[in-house]
Structure formats: structure tokens, C-alpha cells
1. Just to confirm my filter: which helices (runs of 4 or more DSSP H) fall fully inside region B:169-269 and include at least 2 residues that are away from chain A (no Cβ under 14 Å)?
2. Can you tell me which residues in region A:153-166 are in contact (Cβ under 8 Å) with a residue 60 or more places away in the chain and either in a helix (DSSP H, G or I) or within 7 Å of another protein chain (Cβ to nearest Cβ) (or both)?
3. Would you confirm whether or not region A:141-161 contains a residue that is β-branched (V, I, T), surrounded by 23 or more Cβ atoms within 10 Å (Cβ to Cβ) and modelled with pLDDT of 80 or more?
4. Assigned to a helix (DSSP H, G or I), aromatic (F, W, Y) and in contact (Cβ under 8 Å) with a residue 24 or more places away in the chain: which single residue out of B:F114, B:F107, B:F98 fits that description?
5. For the condition within 14 Å of chain B (Cβ to nearest Cβ) and either closer than 22 Å to A:D308 by Cα or among the aromatic types (F, W, Y) (or both), what is the one hit in A:S102, A:S88?
6. Output the residues belonging to region B:297-329 that are over 22 Å from B:A80 (Cα atoms), within 11 Å of another protein chain (Cβ to nearest Cβ) and hydrophobic (A, V, I, L, M, F, W, C).
7. Residues of region B:15-39 being over 22 Å from the mean Cα position of the chain (by Cα) and polar (S, T, N, Q), which ones?
8. Give me a count of the residues in region A:36-72 that are in contact (Cβ under 8 Å) with a residue 60 or more places away in the chain and surrounded by 20 or more Cβ atoms within 10 Å (Cβ to Cβ).
Amino acid sequence: MTKLSSIKNKSKSNQLNKKSLVTFLILFLFSLLLILLCLSVGSSFIHPFNVINHLIGSGTGEYDFVINTLRLPRVSLGFMVGAALGVSGLILQGIIRNPLASPDIIGITGGASVGAIIFIVSFMGTVSVQWLPLAALLGAAIVAVFTYAMSWKDGVTPIRLVLIGIGVAAAMNALTTMMIVLSDTYSTSTAYLWLTGSLYAAKWQDVNSMLPWIVIFIPLTLLFSRIVNVKQLGDDIATALGVRVQLYRMLLLFISVALAGSAVAYAGGIGFVGLIAPHIARMIANRSFAVLVPITALIGGIIVVLADLVARTAFLPLDIPAGVFTSGIGAPFFIYLLYKNRNM
Amino acid sequence: MKSLLSRKSYKIISIIFSFFLFVFTFLLSITLGQTPIPLDTVFDAIFNYDGSITEHIIITTSRLSRALIAAVIGSSLAIAGALMQALTKNPLAAPDIFGINAGALFFIVVSVTFFSVSSLVHYMWIAFLGAGISGGLVYLLGSLGKDGLSPVKIVLAGAAITALFVSFTQGLLVIDEQGLQSVLFWLAGSVAGRSIDMLLPVLPFIISAGIVALFLGGSINILMSGEDVAKSLGQKTGLIKAVMGIIIIFLAGGSVAVAGSIGFIGLIVPHMVRGLFGSDYRWIIPFSALFGASLLLLADVAARFVIMPQEMPIGVMTALLGTPFFIYIARRGLKIND
């Protein structure tokens, strides 16, 4: 009898895996098509066949500048940033067990912004711009540690973490405003553009330095997936099952900060991706964390690339920051979530 | 009975004392700054003004209006905060945390960018509209669901609405850089560099809202003892709540129109007042008004000295003062009246 039910379970989980795999492949194909579209559309249109020809190396080289120098790094960076933000949000929602958590709401993005703005206002010109991401990461890390420490009172409860995060986010907003108001006009508009989140003028150098963060931390998240699954049952059950709740919560928070911080570092505050992507992932895939990680990463990437595509083509010749569009979609979505979770 | 009497006389003495505190901070705000001006010169400037003396010009054109604006805005925000904390039964309630400031600001930025509005009377009405829409939205979202208004839900709703309006504002400002320079002032929140004319159109609304709030204290006390109790005592709870809502919109929206987004005064002051004088709203409201004015005046004086010779935007000062306070309340737990 037990044997029978275990076989039954196994076949069921196989089915699930197969279904997830199909979902993953469909999303993957969709991403590739979208990237192809992004490479061909813009202020000058390049036929997709020519793009493919160029990519596989049999082109004439006439699109070298537009594709290799302008569009490809921008699309790659956008995709990675979206993936990082999405997974970061997924982790936060998992450990806080609140569907409304995301790196922007609890101040991680704000911390990164303060770090970057301080850099733009005080060191731009004297120190090479490639250190900007480091400043942003440092800001994100400091804020995360601070928020976590402040939420500690015989352990950290998810609700306290969110509330204190909101307070800290407000303080970060004030600091950003202060830096902007006190700086001169030029750094003001640079800082503001950066704040809203833009992929404008992305370079291969950015892509290369963003890549390690994705390659290291997303697989690391997968490694922790079993623990998150258990933790979603609640602190008491998780403790009873032998999961060292506080330790893992801290480790996962660290990964989440690293992902969000690096994303903000390279593309500014592209808002709400960390909130939406995990939700869309949960709608189309099952609730196992291990499955959700890659799917969320793909969806996050798709959202940012799509937003950037609209932002740079809809109002030509204006190149609007992608962050405006992600917020435009994200904020109403957040309200919908509040409505949907009204009985929580 | 005697203890009641002494408690009452304690409050009366305290309110006189608070009034003197307010006058003291007001005088500080007029006398201190990059050019310190002695008190007798201040009186001279007011009572026998001489246009050839620099100090007199500073007093009449800048210091006096600045101090008046700070006092009015400080008390409006504090009363608005006290009413919001009563209305939502949430110790973290304040105009900025519930998205009212961000909403009013967003509407102002939209009107500047798209409709080139530039008169203060229009700003004021637009700010009222923005404050009403965002405040209403947050209240609605926070009270959805079968267990009604819950403190955590409404704080989250406030954070969401704030994020929504802030990101839209940022988007608009990126597209319209010239607009950015002209609205940075509101973004940061400031009482400096505004002439008293800016305050005048808003003043009638703020004063009448404040007076109504003073008389509402008793009704709020009844409301705080619970919806059912209030109803059985014959109170029209819906009406009282609606009046409170309108007062909050006038006070908070008017403040944003005059001085931009100044945070945390509405959060801190009512807590201080409750801690010192108990939870009787007939007293909380006047005390909040006096303490709010004094606190904002002090913050404004401090803002002049922190990074001399530049001035810190006052909204930043109050945010930095208020965050530790916010964290303290969040750690203590979301229960009101203790």
C-alpha cells in the first residue's frame, strides 16, 4: 500500500517536472524571440533575418555598430538585471512569507540608490565610473544589515522586517532627495536619470561585470530551494523540522541583497520587477521553489527587456527610462495584490 | 475628584508652558541664522521698519514669513497625524506614510508639467485633490477584506501608493528636466524662500480645519472607545469619520501646497503628546498643534546650521529625526493607546 502510494507520488512529481520543463522551454523560446525583436527594432530597423545572419557570423558586417555596440549589450544587461531583480523578490517573498515584499518596498533599492547618488554627486569625475556599482552594492548591504538588525527582537518576524523596511526606505528617500537638492544642476539630472532606472548607453563592460553576480547567486538560490519550501510553512514548523530558521533567513537575505544590489548598481532603480515577476511565475508554474527560481529569472528578464523596448521606441527620438514603464505596470499590480490578499 | 482637578490643572499649566515653548522657538527661528539678529532689532523691524537697515529687510522679507510658515505647517501636520492615528487606530499613521504627501506632490507635478499651472491657489486645490485621492485609496485598500481595517495592511497600502506616485513623479521629471528644477523645492520639502503670500490662500482652510478639529476632540474620544459603544451612545460615527477625513485632507494637502513634502512631524508629535498627557483627544489636538509648530521651527533652525553655509532641506531633517522613532514604534508593536 505504501509502496503503491509512493509510486503514485513519484509519477505525479514526474508529471509536474515535465510540465515545469515545458513551461521553462516555452519561456526560454519567448525570451529568444523577444531579444531578436529588440535587436531589430529601434531608430533604424534591421530585418530579423539580417540580425540572425549577423549573429551567426555570415553577415556583411554593416550592422556591426548598431547590433554589437548599441543593442546587444543593452538587451543582455536588461535581461540579466530583470532576472536578478525577479529572483531577489522571489527570495524575499519566500522568507518574509508575504506576497507584497520586494526589494523596493523594504528599502534595499533605496539603500543602493543612496550609495550610487553619493558616488555620482561627490566622486564622479575624480574616481572612475566603474566603481559606481560598488557604491550601490555597499549601500544596499548596509541598509539590509541595518534593517535586519533593527528588526531583531528575539529573532526576526516577517511583519516587523517589512514595517521597519518601510521606515528605512522613507529615510533613504530623504537622503537621496538631500543629495540631489544639494548638488549642482548637472549631477542633479544625471542622478535623477539613474534613479528612475535606465539601460541607456549600456556597455559590454557593464554586461561582463554583471554576469558573475547572476552566474553565482542564482544557482546558489537553487541550492537553498528545499529550505525555502520548508520555511514557507512557518517558523515553528520549520524549526520543528530542524531548519535553522534565523541562519538561513540571513543567508537568503544576503543572496537577495546581492542580486538586487547588483541589478540596481548597473541599471538604477527599475522598480517593481522584484514584486511582479515572482507572482507571474507562481501563476504559470507550480509552487515548488526550485522550479520558481529559473522561471522567475526568465520572467524578470522578459519584463525589463520588454519595458526597455517600449521605452526606447514608443516616443522616438526620446529614450525614456525603462523604470517608468515597469512602475506604471507594477504599481497597479501591487494594488491588485493588496486587493487579492485582502483576507490575509 | 481632587486628583481629577489636579490632573486638569496640570494640563492647563502644561498648555501655557507649551505656548511659551512655541513662542520661544518662534523667536529662535527669527533671530538665529547666517546673520544672527538681536531681539530688539527684530522688534524694531516689526514696529518701526526702516528699509535702509539690512537686518530689517531680512526680518520682514525672509525670517518672519519663514517662521510663520513653519509654525502653521508644523501644527497642521501634527493635527493631521493625530487625527489619522485615531481614524485608522494605527500608531504608524501619518500623512507621509499613508501616501498623502506623495499623492499631492504627484498631482502638483502633473499640473506643472502638462497644464503649466503656476498660481498658488491652483496648486492648493490640486494638492487637496491629490491628498484626497491618495488618502482615500489607502484607506480603502487598508480596509478591504473580512477583518476590515488592519494596521499592517494599511501601512503596506500606504507604502504601495507612495511608491506608485513617487515613481510616476520621477518618470515625469526625467522627461521634463526644466520641470525638475522648478519642483525640486516641493520634492524636498522646505519652508525657506517662500513669501507670506504663499501661505495666505491656504490659511483660511487650515485655520478652519484646525478649529473644527479642536471641537471634535470629545467625539473622537467616544469613537476611540469602539464603534459599537459610539453608536449606542448615539454618535453618527460615519459622519464623524467623514469630517475627520476632510480635515486631514485640508491640513495635509494645504501643507504640501505651501511647503512640499515634510515627513514624520505627523508621526512623532501625537506620540509625544500621548506619552506626556494621556489619550484624551480634547487635549491631544491643542497640544499637538503647539508641539508640532515648535518641533518644525526647531528642525528649521537646525537645518540652517547642520551644513553651513548651505541649508539642509527641512523635509530631510524631519525624516532623519523621525526614522528612529518609526523604527521604535514598529519594534514595540502596532497597538494604539498604550
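The values are calculated or read from the model by the stated rules, or taken from the named source; none is laboratory data. Since the model is a prediction, treat every value here as computed from it, not as a measurement. Reconstructed Cβ throughout: ideal geometry from the backbone, glycine too, with neighbour counts over all protein chains shown.
1. B:196-199, B:203-224, B:227-232, B:237-259
2. Listed by number, the residues that qualify are A:P158, A:I159, A:L161, A:V162, A:G165, A:I166.
3. Within region A:141-161, one or more residues are β-branched (V, I, T), surrounded by 23 or more Cβ atoms within 10 Å (Cβ to Cβ) and modelled with pLDDT of 80 or more.
4. Sole residue among the options that is assigned to a helix (DSSP H, G or I), aromatic (F, W, Y) and in contact (Cβ under 8 Å) with a residue 24 or more places away in the chain: B:F107.
5. A:S102
6. Once the filter is applied, which keeps residues that are over 22 Å from B:A80 (Cα atoms), within 11 Å of another protein chain (Cβ to nearest Cβ) and hydrophobic (A, V, I, L, M, F, W, C), region B:297-329 yields B:A303, B:V306, B:I307, B:M312.
7. Of everything in region B:15-39, those that are over 22 Å from the mean Cα position of the chain (by Cα) and polar (S, T, N, Q) turn out to be B:T31, B:Q34, B:T35.
8. 1
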